Number of protein chains: 2
Amino acid sequence: MLILALDLLDKRRALEIAEITSEYIDMIKVNYPLVLSAGIEIISELSEIKPVIADFKIADIPYISSLIADIAFKKGAKAVIVHGFVGENTVKSVLDVAKKYGREVYLVIELTSESLILEMQSDEIIRIALKLGCHGIIAPATKPERIKRAREIARNIKIFSPGVGIQGGEVESVLNAGADGIIVGRSIYNSKDPARIAREFRDRIRGIRLGY
Amino acid sequence: MLILALDLLDKRRALEIAEITSEYIDMIKVNYPLVLSAGIEIISELSEIKPVIADFKIADIPYISSLIADIAFKKGAKAVIVHGFVGENTVKSVLDVAKKYGREVYLVIELTSESLILEMQSDEIIRIALKLGCHGIIAPATKPERIKRAREIARNIKIFSPGVGIQGGEVESVLNAGADGIIVGRSIYNSKDPARIAREFRDRIRGIRLGY
């Protein structure tokens, strides 16, 4: 599975990149820079092209977190991303909203950049995801050993990995470690030919899945 | 210092509450639910009433975090709130943007709700705030012992405490623990007379400061 991280600021360019790569990608991930610049309606507009993941890395108290999730789902997001370190109560508050809309919740177990999240906390986050019934987890492509560990603990949960390309993660090691999908941003939208690069990523993913 | 947490969804109502309480409050804190509903321009509009803290609890990789901060500052925010647990690189990336605009950065050391952030990680976050030159930290009113601890480690940094009122924090214990300002939301904007409640909070803060 190939997820396009659409971290642009310009609405027209974002929609254009989504259109020309749509044939090769499975989902579109949006983050605050685009949503704040373009307005929340961008989620609805992109959802007409591909299912949208609102990568809001929700990390607040349950009350605020459920409000943020509600706005994203109301605009058509298929999933929201929540920071697992905030603990069960916040995750549960977002899951409750997701259930109302029939949508999904993915937990970040660790960032691709260095952070203060410890290994034992990542494990605890995976356990929370399983216990509460989250639909996926986000594990860094730059740390394939964390993906492997996540797959060991959580056999049946979707694992998506950002950080492939510019940030140093490699498609092969990420998929071999057990990820279901890779999230690629700058390597695609900053290239001269985004459609070609997206197709190449798609083909590499397929190739690895088929074992050649 | 009294900071109004303006966690409403309706733009007109938010501006109205800001106006009628402006005489008693020192700053306005906005979070994503309002900004996503009303649009990013709400930061500029509220900044004409009182200095605005963009409580975006930024918790992403440096690249994305600096983009989010840039948008908030460009719209006139006086400060942005960053999750300290994301570590030095992200905090530094936001501080660099703040410097460009002559604005401020506050770090969350712990949430008012339970989370997986450990005590030793809170201490580490305070040390990062001091080392990198952040302007303030956000410590939970519901855990005055954490505020006291923060004040011990960081003698000269501003400490702001959310969670007073509905969430259970008490003005007296928060200020006596060493906080410089309290952040109050629902107790004010959900009351029948927001101006009166804001004035009462302001008066209590003044009374405690003067020792009666």
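Each residue of the stretch A:167-183 in order: what ³J(HN,Hα) in whole Hz does its phi give by Karplus 6.51 cos²θ - 1.76 cosθ + 1.60, θ = phi - 60°, with x for Gly and Pro?
Going residue by residue, I get 7, x, x, 10, 3, 4, 5, 5, 5, 5, 6, x, 6, 8, x, 10, 10 Hz, with x marking Gly and Pro.
How would the stretch B:2-210 be classified by its alpha-carbon gyration tensor: rounded, prolate or oblate, with rounded meaning a/c under 1.5 and the a/b versus b/c comparison settling the rest?
Because a/c hits 1.5 or more and a/b fails to exceed b/c, the stretch B:2-210 counts as oblate.
Please average, across the residues of A:83-89, the number of beta carbons from any other chain that are within 10 Å of each residue's own beta carbon, and give a whole number.
The mean count of partner-chain Cβ atoms within 10 Å per residue comes to 6.
How big is the charge dipole of chain B about its Cα centre, in debye rounded to the nearest 20, if each Lys and Arg gets +1 on its Cβ and each Asp and Glu gets -1 on its Cβ?
380
Averaged per residue, what accessible area in Å² does the protein assembly as shown show with a 1.4 Å probe, protein chains only?
39
In chain B, which residue puts its Cβ closest to the axis that turns chain B onto chain A, and how many whole Å away is it?
B:59, 2
Where the centroid of each part is defined by its Cα atoms, how far is the stretch A:23-47 from the stretch B:34-95 in Å?
Result: 19 Å between the Cα centres.
What list of ³J(HN,Hα) values in whole Hz, one per residue of the stretch A:85-90 in order, does the Karplus curve 6.51 cos²θ - 1.76 cosθ + 1.60 (θ = phi - 60°) give from phi, with Gly and Pro shown as x?
Running phi through 6.51 cos²θ - 1.76 cosθ + 1.60 with θ = phi - 60° gives 5, 5, x, 4, 4, 5 Hz.
Tell me: how much accessible area in total is hidden between B and A, 1.4 Å probe, Å², nearest 100?
On the way: alone 9910 and 9920 Å², together 16330 Å².
The summed interface area works out to 3500 Å².
Run the paramagnetic zone check for residue B:180: 7 angstrom along Cα to Cβ, then residues of the stretch B:65-81 with backbone nitrogen under 19 Å.
Inside the label zone: B:77-81.
At 7 Å along the Cα-to-beta-carbon direction for both residue B:131 and residue B:203, put a label point, then send me their distance in nm to one decimal.
It is 4.6 nm.
How high is the FRET efficiency between residue A:16 and residue B:101 when r is their beta carbon distance and R₀ equals 25 Å, given to the nearest 0.05?
On the way: r = 30 Å, r/R0 = 1.20.
It comes out at approximately 0.25.
Expressed as a whole percentage, what fraction of the accessible surface of the protein assembly as shown belongs to carbon and sulfur atoms when a 1.4 Å probe is rolled over the protein heavy atoms? It would help to have the intermediate numbers written out before the result.
Working: 7770 of 16330 Å².
Result for the protein assembly as shown: 48 percent of the exposed heavy-atom area is carbon or sulfur.
So how strong a dipole does the stretch A:1-103 carry about its Cα centre when Lys and Arg Cβ are +1 and Asp and Glu Cβ are -1, to the nearest 20 debye?
Charge dipole, the stretch A:1-103, about its Cα centre: 260 debye, nearest 20.
For the protein assembly as shown, just say rounded, prolate or oblate: build the C-alpha gyration tensor, square-root its eigenvalues into a ≥ b ≥ c, call rounded for a/c under 1.5, and beyond that prolate if a/b exceeds b/c, oblate if not.
prolate
Which of the peptides A:54-66, A:110-122 is most tightly packed, and how do the rest follow, going by the mean number of other Cβ atoms within 10 Å of each residue? Working shown, then result.
Values: A:54-66: 24.8, A:110-122: 19.7.
Answer by packing, highest mean first, reads A:54-66, A:110-122.
The values are calculated or read from the model by the stated rules, or taken from the named source; none is laboratory data. Since the model is a prediction, treat every value here as computed from it, not as a measurement. Ideal geometry is used to build each Cβ from the backbone, glycine not excepted, and the neighbour counts take in all protein chains shown. With ligands, DNA and RNA removed, areas are computed over all heavy atoms of the protein, side chains included. Shrake-Rupley method; radii C 1.70, N 1.55, O 1.52, S 1.80 Å.
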